[in-house]
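To start, the structure itself, in structure tokens.
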Amino acid sequence: MTPNEKIDFSDAAVVDAHCHGFDRKSLTEADPAGWLDRMTLMGMCLGSSNSVDRELIRLVPEMTGNTLLALAARRWLAPFFNCLPEEVAEQRQAALQENPAGYIKRLLLDQNVMGLFVDDGYPQPGIASEDFEELTGVPVHRVVRIAPLILSAIQNTENLDDFESLYIQLLKQAAADPKTIAFKSIIAYRTGL
């Protein structure tokens, strides 16, 4: 291979190695005007946090529209919808309202996404792997977030020995799920390293 030679990956199968589940209702009932906000890290973090100043959330739309991600998303989705970039929001909403599962399946197929590694720690309560697989039309592989298991063990026990026993039982149950491929901790998100 020469330095100027390119490899064509346009037909390569893709596995999304980190995503979060969603259901049809959350998709169709979300404010259509905020779709780009929810796509950004800033919008998702502020929108999903329980400890952030809620006033900050109202600032997100003012900052989102001209971010590189928002500009690129509209440009990349325009050919998918066969429209101009400024028409993407309207076309996206129409596709969602007409057939949410069909829209999601077409998006994933268009990008040759053949599998999803789904972090089940958000949202809570979680989305069942089977339900998400049905909605997306591609195999779903579960990444078990341990924090919800810890919280469940805390809420359902009264002493350390019982906590440890239940926590281990919950880990084993998760490991026995044929969809489980990994465990994940987000302790550094909350406490730093």
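Within straight-line reach of residue 172, meaning a Cα separation under 29 Å, sit the following lysines at least 8 residues removed in sequence or on another chain: 184.
In Å², what does the accessible area per residue of the chain work out to with a 1.4 Å probe?
Averaged over the residues of the chain, the accessible area is 66 Å².
Which GluC sites (Glu not before Pro) does region 127-193 hold that lie in a coil by DSSP with at most 14 other beta carbons within 10 Å? Those that pass, being in a loop and sparsely packed, are 158. For region 100-145, which whole-number percentage of the solvent-accessible area (1.4 Å probe, protein heavy atoms only) is attributable to carbon and sulfur atoms? Accessible surface attributable to carbon and sulfur in region 100-145 totals 57 percent. Evaluated with a Cβ-only charge set (Lys, Arg +1; Asp, Glu -1), the chain carries a dipole of roughly 240 debye about its Cα centre, given to the nearest 20. Positive-end ranking of 170, 185, 128 along the dipole of region 122-193, with charges on Cβ about the Cα centre, is headed by 185. Placing unit charges on the Cβ atoms of the charged side chains and taking the dipole of the chain about its Cα centre, the candidate lying farthest along the positive direction among 61, 93, 147 is 61.
The values are calculated or read from the model by the stated rules, or taken from the named source; none is laboratory data. What you see is a predicted model; the values in this text were computed from it and never measured. Neighbour counts run over all protein chains shown; Cβ positions are idealised from the backbone, glycine included. Remember, those area values only see protein heavy atoms, side chains included, never the ligands or the DNA or RNA. Shrake-Rupley method; radii C 1.70, N 1.55, O 1.52, S 1.80 Å.
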